[in-house]
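Bear in mind these aren't lab numbers, they're just calculated from the coordinates by the rules spelled out. All values derive from a computational prediction rather than experimental measurement. All Cβ positions, even for glycine, are placed from backbone atoms using ideal geometry, and neighbour counts span all protein chains on display.
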Number of protein chains: 2
Amino acid sequence: MSDLSAVDAFRGGDGLIRIVGHRGARGVLPENTMLGFEFALSIGLDLLEFDVVMTSDMVPVITHNHRLHAPTFRDGNGDFLTDEPKVASLPSAQIQSFDVGRIDGESAYGKRFPDQAQIDGLKVPCLRDLLTLLRLPDHQNTNLMLEIKSDPDFRNDTTYRKELVAKVVAEVRTAELEQRTLLHSFDWDLLKLCQSEAPTMPTSYLTQMPENKADVGEDSSQSVTPEFVGQRNRIPELVVENGGSLWCPYISDVTADGVAQAQSLGLCVAVWTVNEMNDIDRMIKLGVDAIVTDYPGRVQRRLLDCGIAWR
Amino acid sequence: MSDLSAVDAFRGGDGLIRIVGHRGARGVLPENTMLGFEFALSIGLDLLEFDVVMTSDMVPVITHNHRLHAPTFRDGNGDFLTDEPKVASLPSAQIQSFDVGRIDGESAYGKRFPDQAQIDGLKVPCLRDLLTLLRLPDHQNTNLMLEIKSDPDFRNDTTYRKELVAKVVAEVRTAELEQRTLLHSFDWDLLKLCQSEAPTMPTSYLTQMPENKADVGEDSSQSVTPEFVGQRNRIPELVVENGGSLWCPYISDVTADGVAQAQSLGLCVAVWTVNEMNDIDRMIKLGVDAIVTDYPGRVQRRLLDCGIAWR
């Protein structure tokens, strides 16, 4: 297991639980946008989570689903999409012609985020845009949880998967952010490729038990993630055996035993996605290392009210 | 009544309700801070409300209460204040030694804003700081609702009150923002002084019926505002008779008749402080011109979901 500084930036401790801005701060601002990341940084967050998908011209862009997400993508007329072409089928220039500054209030997805500000003219960022921001002197202490989305359609295309990893790692290296970036995925095989491409970069292992459905309006990762048949109680060990440094369990799966086991093995435990007050309180009781949240202001308030620092 | 552009910037219309960021965006970020104003601007708001109080060295600063507000002011040790000296008793340099980036979660006031981000190192802005920001090319279309807080202790000190108004107006003029600023107060006599000092600047009349208590943790304005005995149904007429351009009633006081009467007299109606979804919906039904809110993202979402533009 790695003990690199990018991992330690996510490690909690006595009276300390870290806050990771999920897709920036999805509860407050449109997800995976530069405006969202800038907001998260402006309130002092030093840990950002976001999702990377590859375009047809092999440019890593920051968006969550493998297809343009109809409830958050609008066309040149300002209308939400009615079909969802694959990101992998479009060149990056075309992807940036869409506006991702609003959420469709009639969609089930939109109803989940009633407080999200709505701004016209926001574009899908390239990975490079965020990395460039992070190089500024003001953000020298910010670390990244870079989720590589694993497309089930390319699951067996090793050449493509290696190129995906290589492209992402190359951009991180060009930006000199290797020491401040975790490579994060549900796809444990893809994380093996990451370790092989970038042995000095820590890997972060996402899990979600198969009985828990994907959140409304989001791609499921069930088809690309291990099933853990007969091994559910050994997940932290499996993460370590696979060379992982951080374990990122789904909020409904996390238990006191799991957290204790993981931490005794030296893993960092960051839980996703923790938005409700009672869930924040449960994470405090469990003593997790980090909380991944759409509402970082709410988590800051709650932690401080409980006498817990978040950095 | 004035028909200046600063008023029209607050005027709604068919399918249009304006959004005014209350103390920036108090539900999201610490109130009356530059960070809060910058957030409000970043999500496209073009109307900002804030409060001005005078220091002992006659510097207009942006803060709500006449006394340093214990639940939001921390001393050099990072502790919330236990006493509340008057702003008017302290020089501006001393006021800026306090940190206003957090809210005391144990206070009744703090409990009202559970989602507010907490940032260390935020200072009380001088009026001049905000005016300087508004002069930037990006913010040429932003208008201000500048509330002058009327200190009951100086109610009968005409010299002091005239100087207060003159100082505030002078700063607005120096920043060349006369055409983009409303002078706003509960104290109708003070607004007379404003009209006399700055005849070309529109005035905005706040009202709250005496049976409605001040919101928890906030200075009451009851002692400086008219009582409207026997004239409650004529408030919009009184605003017009007094030379006002905008009427800003308290959310619990506003009625369909009041809105209709005010608008038929040519007044803009901006209602404070509208935070809850059912209240937003009520304002939509009433057809108010503008909603003053601590949660501008929520109001943007709701208006767009209802097919109503906000600018």
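Give the lysines whose C-alpha is closer than 29 Å to that of B:Lys167, dropping any in the same chain fewer than 8 places away, or say none.
Qualifying lysines at Cα under 29 Å: B:Lys86, B:Lys123, B:Lys149, B:Lys192.
At q = 0.08, 0.09 Å⁻¹, what base-10 log of I(q)/I(0) does the Debye formula yield for chain B when every alpha carbon is treated as an equal point scatterer in vacuo?
Those come out to -0.32, -0.41, one per q.
FRET efficiency for A:Asp153 and A:Asp215, Cβ-Cβ distance as r, R0 = 22 Å, nearest 0.05?
The formula returns an efficiency of 0.55 here.
Just tell me how shielded A:116-123 is by partners: mean number of partner chain Cβ atoms within 10 Å of each residue's Cβ, no decimals.
The per-residue average across the peptide is 5.
Suppose each label sits 7 Å from its Cα in the direction of the beta carbon; what would the A:Glu84-B:Thr200 distance come out to in nanometres?
Roughly 5.6 nm, to one decimal.
Report the net charge of residues surrounding B:Leu35, where surrounding means a beta-carbon distance below 14 angstrom and charges are Lys +1, Arg +1, Asp -1, Glu -1.
With Lys, Arg at +1 and Asp, Glu at -1, the neighbours total -3.
To the nearest 500 deg cm²/dmol, what mean residue ellipticity at 222 nm is calculated for chain B from DSSP H runs of n ≥ 4 alone, each contributing -39,500 (n - 2.57), summed and divided by the residues?
Value at 222 nm, helices only: -8000 deg cm²/dmol.
Taking a temperature of 25 °C and a viscosity of 0.890 mPa s, what whole-number D in µm²/s does Stokes-Einstein yield for the range B:3-91 with Rh from Kirkwood over alpha carbon pairs?
Approximately 164 µm²/s, per Stokes-Einstein.
For the range B:117-161, divide the Cα radius of gyration by the Kirkwood radius and give the resulting Rg/Rh value with two decimals.
Rounded to two decimals, Rg/Rh equals 1.12.
Over 34 Å, how big is the tail of the calculated P(r) for the protein assembly as shown, in percent of all Cα pairs?
So the portion of pairs separated by more than 34 Å is 46 percent.
Just to be sure I follow: if Rg is taken over the C-alpha atoms of the range A:211-311 and Rh is the Kirkwood radius over the same atoms, what is Rg/Rh?
Here the Rg-to-Rh quotient is 0.98.
Please list, in order along the range A:103-115, the HN-Hα scalar couplings obtained from phi with the Karplus expression 6.51 cos²θ - 1.76 cosθ + 1.60 (θ = phi - 60°), rounded to whole Hz, x for Gly and Pro.
Per-residue couplings from phi come out as 10, 6, x, 7, 7, 4, 5, x, 5, 6, 10, x, 9 Hz.
Treating the point 7 Å from Cα along Cα-beta-carbon as the label, what are the nm separations from B:Ala260 to the other copies, to one decimal?
Here B:Ala260 shows inter-copy label distances of 6.8 nm.
Any chance you could list the semi-axes, whole Å, largest first, of the equivalent ellipsoid that the Cα gyration tensor gives for the range A:256-302, using √(5λ)?
Taking √(5λ) for each eigenvalue gives 20, 10, 8 Å, largest first.
Please identify the chymotrypsin sites (Phe, Trp or Tyr not before Pro) of the range B:46-128 that satisfy two criteria: DSSP loop assignment and at most 16 other Cβ atoms within 10 Å. Which are they?
Taking the range B:46-128 and a limit of 16 other Cβ atoms within 10 Å, no loop chymotrypsin sites (Phe, Trp or Tyr not before Pro) are found.
With just the Cα atoms defining each centre, how far is the range A:47-72 from the range B:137-183? Give it in Å.
So the two Cα centres are separated by 47 Å.
How much length is gained on full extension from B:Ile308 to B:Glu163, taking 0.36 nm per residue of separation minus their Cα-Cα distance?
Extending this stretch completely gives an extra 48.0 nm.
How far apart, in nm, are two points set 7 Å out from the Cα along the Cα-to-Cβ line at A:His139 and at B:Gln231?
In this crude spin-label approximation the distance works out to 5.6 nm.
Report the chymotrypsin sites (Phe, Trp or Tyr not before Pro) located in the range B:198-249 that are in a DSSP loop and have at most 16 other Cβ atoms inside 10 Å of their Cβ, or state none.
Answer in residue order: B:Phe228.
Please quote Rg/Rh for the range B:70-226 to two decimal places, taking the Kirkwood radius as Rh and restricting both calculations to Cα atoms.
When Rh is taken as the Kirkwood radius, the ratio is 0.97.
Find how many whole Å separate the alpha carbon centroid of the range B:227-282 from the alpha carbon centroid of the range A:283-298.
Each part's Cα centre sits 43 Å from the other's.
Counting only Cα, what are the radius of gyration and maximum Cα-Cα distance Dmax of the range A:213-261, in Å?
Values for the range A:213-261 (Cα only, Rg and Dmax): 11.9, 33 Å.
Using Cα centres only, tell me the gap between the range A:19-33 and the range B:73-107 in whole Å.
The distance from the Cα centre of the range A:19-33 to that of the range B:73-107 comes to 31 Å.
Excluding B:Ala262 itself, calculate the net charge of residues whose Cβ lies under 10 Å from the Cβ of B:Ala262, where each Lys or Arg counts +1 and each Asp or Glu counts -1.
After counting each charged neighbour, the total is -3.
Where the convex hull is taken over the Cα atoms of the range A:189-236, what is its projected area averaged over directions, in nm²?
4.3
Could you check the spin-label model distance between B:Asp189 and A:Ile284? Points 7 Å from the Cα along Cα→Cβ, value in nm.
A separation of 4.8 nm, rounded to one decimal place.
Averaging over all projection directions, find the projected area of the Cα convex hull of the range A:47-157 and quote it in nm² with one decimal place.
Answer in nm², one decimal: 8.1.
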